[in-house]
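Visitor: Before I ask anything, let me first share the structure, which is written out below as structure tokens.
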């Protein structure tokens, strides 16, 4: 898995699930940017091709750390969860080290599976509400 993919997966993961897969204590690190809460402006386009417009703001928490080996990791998550951002940053840094392949199997694979299951559940719920319309031809319309 490439770095942009795992950063997205960590940002979308449930904080409790990530904490269960990567419990404290986190690896020895130095905070470059302590977890801080802010807002980002979401932009949209009508029909995905129109002029961009400001859709609204979303709360995010970001964090940056440096491991003892010098590897830098970043974490951006939607919400006000400082621990989630810190854990995401630590995991981002660890995934760039030699331990990355093992962590992809032990942490990223379960997160990927959980995300796929959540999408299937959401799709099944949406499919259950699907309504199919059809018309009958009346005799005088023929």
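Values quoted throughout were computed directly from the atomic coordinates according to the rules given, and no laboratory measurement underlies them. Owing to the predicted nature of the structure, the values given are computational and were not obtained by experimental measurement. All Cβ positions, glycine included, derive from the backbone under ideal geometry; neighbour counts span all protein chains shown.
Visitor: Here's a check for you: in region 2-16, which residue that is loosely packed, with under 14 Cβ neighbours inside 10 Å and touching a residue at least 40 places away in the same chain (Cβ under 8 Å) is farthest from residue 72 (Cα to Cα)?
Guide: My answer is 14.
Visitor: Same structure, new question: Which of the residues that make up region 42-79 are out of contact with any helix residue (DSSP H, G or I) (no Cβ under 9 Å at 6 or more places or on another chain) and closer than 29 Å to residue 95 by Cα?
Guide: Once the filter is applied, which keeps residues that are out of contact with any helix residue (DSSP H, G or I) (no Cβ under 9 Å at 6 or more places or on another chain) and closer than 29 Å to residue 95 by Cα, region 42-79 yields 42, 58, 59, 68, 70.
Visitor: Name the residues in region 56-69 that are surrounded by 11 or more Cβ atoms within 10 Å (Cβ to Cβ) and within 20 Å of the chain's Cα centre (by Cα), would you? Give the steps one after another, and end with the answer.
Guide: Initial filter on region 56-69 (surrounded by 11 or more Cβ atoms within 10 Å (Cβ to Cβ)): 57-67, 69.
57, 58, 59, 60, 61, 62, 63, 64, 65 - these are the residues of region 56-69 that are surrounded by 11 or more Cβ atoms within 10 Å (Cβ to Cβ) and within 20 Å of the chain's Cα centre (by Cα).
Visitor: Go through the residues of region 18-33 one by one and say whether even a single one is part of a helix (DSSP H, G or I), under 26 Å from residue 106 (Cα atoms) and in contact with a helix residue (DSSP H, G or I) (Cβ under 6 Å, 6 or more places away or on another chain).
Guide: yes
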